Amino acid sequence: MKLSFMAALLFGGICIGQNNTDNSLYMKADKISYLTDIGSESGDLYSTIGHHGPAVENEWMALRIYFSDKVAIDVYNKAKKGLELKAAHWYPTPEQQKEGWGADYYKVGSTVGLGGVRLWDGEKVVPLNPVTNRLAHVGKTESSSYMEMISRGVPYKGKKVDIKVRVTVFSGKREAKVEAFSLNGEKVQFVTGVNYFKGCGTKKGANYIAVWGKHPEDVAAEIVEVGGAIKYNPKDYVKSTDDGTQYLLISKPTKHLETEVVSACAREKEINNLDKLEAYMK
């Protein structure tokens, strides 16, 4: 008996699954034509691009990088698993939210957000701004989607450096990978971390920081408790600090840094409080 190609794959232990990730990059004036690349010498297309920058999603959350001087990472949390970005454009209506869609409960403000990247000059945090050019790129593989933001010509310790931030989401995996690269080949000190607000609870382990609570969001139909967590290799860092709005991690001089970020909210079934988020991070 001859097996079909798909049956042979299944019986052989190989299962071709659906890619439950997506990316999104488009001009706000045109929601039909999606882009793979866009750039700006000013470094600021915040008001021009849909959802203020490139975005990616997995089944549990969507993430975006602000195309502005912030270059922070923001979160779109979901109440149920699935892909919503292309339909919701990050901002579903109040009616859609009540029907079970996700929403933008997370607020970044002037912080790095969830796993965003900046630089450290030995004394203070250095934003990835000003720039000679800022570029955004999105792409997709068989099992993942990713977005990149390249900030060229960032002043740093008397020189100019080119920094790339890449965020990758994987099908069937809640964690997103955040990577930072020094494209000039020169070692730099990166800064990353997770933000929080008054009243938020915090859990810290040897290789993670998890935060849970209400964000003062003003675009969602309701305020919902959200969690954000970052997982890191402590050997990569020389210092951690708390400025009252965010827990920051300062890296050793390096050309490449990698962390993982997770977010959840009180509306979902799996991880809906701080204890469950910490248990997941452990």
Where in the stretch 49-93 does the amide nitrogen come within less than 19 Å of the point 7 Å from the Cα of GLU222, taken along Cα to Cβ?
76-81, 91-93
Mind checking which lysines have their C-alpha under 18 Å from LYS28, skipping anything on the same chain fewer than 8 residues away?
LYS86
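Express the Stokes-Einstein translational diffusion coefficient of the chain in µm² s⁻¹, to the nearest whole number, given a Kirkwood radius over alpha-carbon pairs, 4 °C and a viscosity of 1.567 mPa s.
Values: Rh = 19.3 Å.
Reported coefficient: 67 µm²/s.
Apply the a/c threshold of 1.5 to the C-alpha gyration tensor of the stretch 25-117 and tell me whether it is rounded, prolate or oblate. Working shown, then result.
Working: a/c = 2.04, a/b = 1.35, b/c = 1.51.
Judged from the Cα gyration tensor, the stretch 25-117 comes out oblate (a/c at least 1.5, b/c at or above a/b).
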What distance in nm lies between label points placed 7 Å from Cα along the C-beta direction at TYR91 and LEU35?
1.8
State the percent of C-alpha pairs, over all pairs in the stretch 213-282, separated by a distance greater than 16 angstrom.
60
Difference of contour (0.36 nm per residue) and Cα-Cα distance, GLN18 to GLU142:
43.8 nm
Quick one: work out Rg over Rh on the C-alpha atoms of the stretch 64-190, Rh as Kirkwood radius.
1.02
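For the chain, what is the relative contact order in percent, using Cα pairs closer than 8 Å and at least 6 residues apart in sequence? Before the final figure, lay out the partial values.
Values: 738 pairs, mean separation 49.4, N = 282.
Relative contact order, the chain: 18 percent.
Determine the alpha carbon to alpha carbon distance for each of LYS160/LYS187; LYS31/LYS214; LYS187/LYS239; LYS164/LYS204; LYS31/LYS164 and list only those over 24 Å. Don't skip to the answer; put the middle values down first.
Numbers: LYS160/LYS187 12 Å; LYS31/LYS214 31 Å; LYS187/LYS239 17 Å; LYS164/LYS204 28 Å; LYS31/LYS164 26 Å.
Listed pairs above 24 Å: LYS31/LYS214; LYS164/LYS204; LYS31/LYS164.
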Using only the Cα atoms of the stretch 243-282, what semi-axes does the equivalent ellipsoid have when each is the square root of 5 times a gyration tensor eigenvalue? Give whole Å, largest first.
27, 13, 9
Give me the distance in nm between label points sitting 7 Å out from Cα along the Cα-to-Cβ direction at ASN233 and LYS160, one decimal.
3.2
Considering only protein heavy atoms and a 1.4 Å probe, what is the carbon-and-sulfur percentage of the accessible area of the stretch 192-282?
47
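For the stretch 120-266, report the accessible area per residue in Å² (1.4 Å probe, heavy atoms, rounded to an integer).
Numbers: 6320 Å² over 147 residues.
Averaged over the residues of the stretch 120-266, the accessible area is 43 Å².
With an 8 Å cut-off on Cα pairs and a minimum separation of 6 or more residues, tell me the relative contact order of the stretch 40-104 in percent. Spell out each step's value before the answer.
Numbers: 101 pairs, mean separation 16.9, N = 65.
Answer for the stretch 40-104 is 26 percent.
Sequence gap at least 6, Cα distance under 8 Å: using those rules, report the relative contact order of the stretch 26-176 to the nearest whole percent.
On the way: 331 pairs, mean separation 35.4, N = 151.
Value for the stretch 26-176: 23 percent.
The values are calculated or read from the model by the stated rules, or taken from the named source; none is laboratory data. The structure presented is a predicted model; accordingly, all values stated were derived computationally and were not measured. Don't worry about glycine lacking a Cβ; one is built from the backbone with ideal geometry, like all the others, and counts go over all protein chains shown. Heavy atoms of the whole protein, side chains included, go into the accessibility calculation; ligands, DNA and RNA do not. Shrake-Rupley method; radii C 1.70, N 1.55, O 1.52, S 1.80 Å.
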